[in-house]
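Student: Take this structure, written in structure tokens, and hold onto it; I'll ask about it next.
The values are calculated or read from the model by the stated rules, or taken from the named source; none is laboratory data. Worth saying up front: this structure is predicted, and the values here are computed from it rather than measured. No Cβ is skipped: glycine too gets one built from the backbone with ideal geometry, and neighbour counts run over all protein chains shown.
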């Protein structure tokens, strides 16, 4: 079958090909993210239901469990360019599983019904903001930079509150956290869209997909935790 060179040069054909590639790119990101969330949820429930989390919660090992996701996320972020795609994927799934172990305690604090309710609220909010970031023509860079500053404020306030144990400060952090992670969801989605046009079909695309999934996964998890603190029903 002869190749139609005119159709290949047609701007509409080129744009259609670009749009198809972009959709496939985001489909891969959301698939990685969704599977990671499923793995996190399964590990969290199994660790709680089996009593494993309750056993380690009484030992110094709990600090390793709580800090391990941060360490793995930083390791993946700093080392991914030097890692093979397979190693990056393995680190991503390991991070998702360890995150599930660190979150198992929420089942002891909140009712299962409220956890499910807040999860679906989070999914709807995340989906809407990610769609906005994907479709908007407005440059969200300034907003994103502001949200990143807010993120650092949340981290510092959360560390301080470990010692203060102030319910008012925790409430304020949760409210601000919802705003920050809603904004970051839109910003990160737009940034990933721009990044697609930079990497194209290069060898880096697979790793960019993993890092994109990790960023959106962290936005989702943190938004979920902030909403759970605000609207979750605690066990009596």
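Student: Is at least one residue of the range 37-55 without any contact (Cβ under 8 Å) to a residue 60 or more places away in the chain, surrounded by 15 or more Cβ atoms within 10 Å (Cβ to Cβ) and under 17 Å from the mean Cα position of the chain (by Cα)? If you could, list the steps in order and put the result at the bottom.
Tutor: Quick first cut of the range 37-55, residues without any contact (Cβ under 8 Å) to a residue 60 or more places away in the chain only: 38, 41-42, 46-47, 49-55.
With the extra rule that they be surrounded by 15 or more Cβ atoms within 10 Å (Cβ to Cβ), the set shrinks to 41, 47, 53.
Narrowing further to those that are under 17 Å from the mean Cα position of the chain (by Cα): 41.
Scanning the range 37-55, I find at least one residue that is without any contact (Cβ under 8 Å) to a residue 60 or more places away in the chain, surrounded by 15 or more Cβ atoms within 10 Å (Cβ to Cβ) and under 17 Å from the mean Cα position of the chain (by Cα), so the answer is yes.
Student: Quick check on this structure: which one of 48, 30, 25 is closer than 13 Å to residue 214 by Cβ and assigned to a helix (DSSP H, G or I)?
Tutor: Numbers: 48 fails: closer than 13 Å to residue 214 by Cβ; 25 fails: closer than 13 Å to residue 214 by Cβ.
Of the residues listed, the single one that is closer than 13 Å to residue 214 by Cβ and assigned to a helix (DSSP H, G or I) is 30.
Student: Here is a follow-up. Helices (runs of 4 or more DSSP H) wholly in the range 75-191 with at least 2 residues that are within 23 Å of residue 208 (Cβ to Cβ), out of contact with any strand residue (DSSP E or B) (no Cβ under 8 Å at 6 or more places or on another chain) and in contact (Cβ under 8 Å) with a residue 60 or more places away in the chain - which ones?
Tutor: Because the criterion is at least 2 residues that are within 23 Å of residue 208 (Cβ to Cβ), out of contact with any strand residue (DSSP E or B) (no Cβ under 8 Å at 6 or more places or on another chain) and in contact (Cβ under 8 Å) with a residue 60 or more places away in the chain, the helices (runs of 4 or more DSSP H) in the range 75-191 that meet it are 85-102, 112-135.
Student: Here are some residues: 227, 216. Which one is over 26 Å from residue 24 (Cα atoms), in contact with a helix residue (DSSP H, G or I) (Cβ under 7 Å, 6 or more places away or on another chain) and surrounded by 15 or more Cβ atoms within 10 Å (Cβ to Cβ)? Step through it out loud before you land on a result.
Tutor: On the way: 216 fails: over 26 Å from residue 24 (Cα atoms).
Among 227, 216, only 227 is over 26 Å from residue 24 (Cα atoms), in contact with a helix residue (DSSP H, G or I) (Cβ under 7 Å, 6 or more places away or on another chain) and surrounded by 15 or more Cβ atoms within 10 Å (Cβ to Cβ).
Student: Looking for something touching a helix residue (DSSP H, G or I) at 6+ places or on another chain (Cβ under 6 Å) and within 24 Å of residue 87 (Cα to Cα) - is there at least one such residue anywhere in the range 183-193?
Tutor: Checking the range 183-193: at least one residue is touching a helix residue (DSSP H, G or I) at 6+ places or on another chain (Cβ under 6 Å) and within 24 Å of residue 87 (Cα to Cα).
Student: Taking residue 62, is it in a helix (DSSP H, G or I), surrounded by 13 or more Cβ atoms within 10 Å (Cβ to Cβ) and free of Cβ contacts under 8 Å to residues at least 24 places away in the same chain?
Tutor: The answer is yes for residue 62.
Student: Please indicate, with yes or no, whether at least one residue in the range 126-142 is surrounded by 14 or more Cβ atoms within 10 Å (Cβ to Cβ), modelled with pLDDT of 95 or more and over 26 Å from residue 41 (Cβ atoms).
Tutor: yes
Student: Please verify whether the range 180-203 includes one or more residues that are within 17 Å of the chain's Cα centre (by Cα) and farther than 22 Å from residue 27 by Cα.
Tutor: The answer is yes; a qualifying residue exists.
Student: Quickly run through the range 161-173 and pick out the residues that are closer than 17 Å to residue 226 by Cα and exposed (fewer than 14 other Cβ atoms within 10 Å of the Cβ).
Tutor: Result: 162, 165, 166, 167, 168, 171.
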